[in-house]
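The values are calculated or read from the model by the stated rules, or taken from the named source; none is laboratory data. Bear in mind the structure is a predicted one, so any value in this text is a computation, not a measurement. Neighbour counts are summed over all protein chains in view; Cβ atoms, including those assigned to glycine, are modelled from backbone coordinates with ideal geometry.
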Amino acid sequence: MSQKELITKWVDTFNQGDASLLAEFYADDAINHQVANEPIRGKQAIRAMFEQEFSQAEMVCIVENVFEDKDWVILEWKNPLGLRGCGFFQIVNGKIKFQRGYWDKLSFLRMHKLPIPTN
């Protein structure tokens with residue numbers, strides 16, 4: 001499976017909202033850094049992050065573009081509510097080793113009617 005195919009499968013799994021299945025795409029020592037949040041380190045912590053996020057909001061990733069270059073994949077996405085973002089994935093030995101996502105957290109919170117931190 002190519003790196004691009006792996007991320008396409010990741011999107012399909014993300015859209016199912018199953019944190020345990022999604023966590024299987026990550027290396028044990030993976031880092032997931034959504035720039036609006038602190039980095040999450042380790043497969044189990046990433047699974048817990050997705051469990052929490054899926055319990056708070058219905059999230060859907062609609063692929064706009066996927067680009068592959070060696071061990072990196074760039075995913076440009078949108079959601080049905082109009083939010084857009086992109087993710088960078090480093091794939092090592094068939095697992096996501098590093099992920100960085102860029103998106104507007106304030107817009108996300110407002111769209112899903114979630115509390116907005118005041119700090």
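The table below gives the values:
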| quantity | calculated |
| --- | --- |
| Residue in region 36-43 that is buried (at least 18 other Cβ atoms within 10 Å of the Cβ), modelled with pLDDT of 95 or more and not basic (Lys, Arg) present | yes |
| Evaluation of Ile91 against (1) more than 19 Å from Lys4 (Cα to Cα); (2) surrounded by 14 or more Cβ atoms within 10 Å (Cβ to Cβ); (3) modelled with pLDDT of 95 or more; (4) of a type outside the set (Phe, Trp, Tyr) (one fails), failing number | (1) |
| Residue, surrounded by the fewest Cβ atoms within 10 Å (Cβ to Cβ), within region 71-88, restricted to residues that are touching a residue at least 60 places away in the same chain (Cβ under 8 Å) and of a type in the set (Phe, Trp, Tyr) | Trp72 |
| Number of the exception - Val11 against (1) under 30 Å from Thr118 (Cβ atoms); (2) modelled with pLDDT of 95 or more; (3) under 11 Å from the mean Cα position of the chain (by Cα); (4) in a helix (DSSP H, G or I) | (1) |
| Residue satisfying condition, being under 25 Å from Ser20 (Cβ atoms) and modelled with pLDDT of 90 or more, within set Ile74, Ile31 | Ile31 |
| Test: residue in region 105-116 that is surrounded by fewer than 14 Cβ atoms within 10 Å (Cβ to Cβ) and in contact with a strand residue (DSSP E or B) (Cβ under 9 Å, 6 or more places away or on another chain) | no |
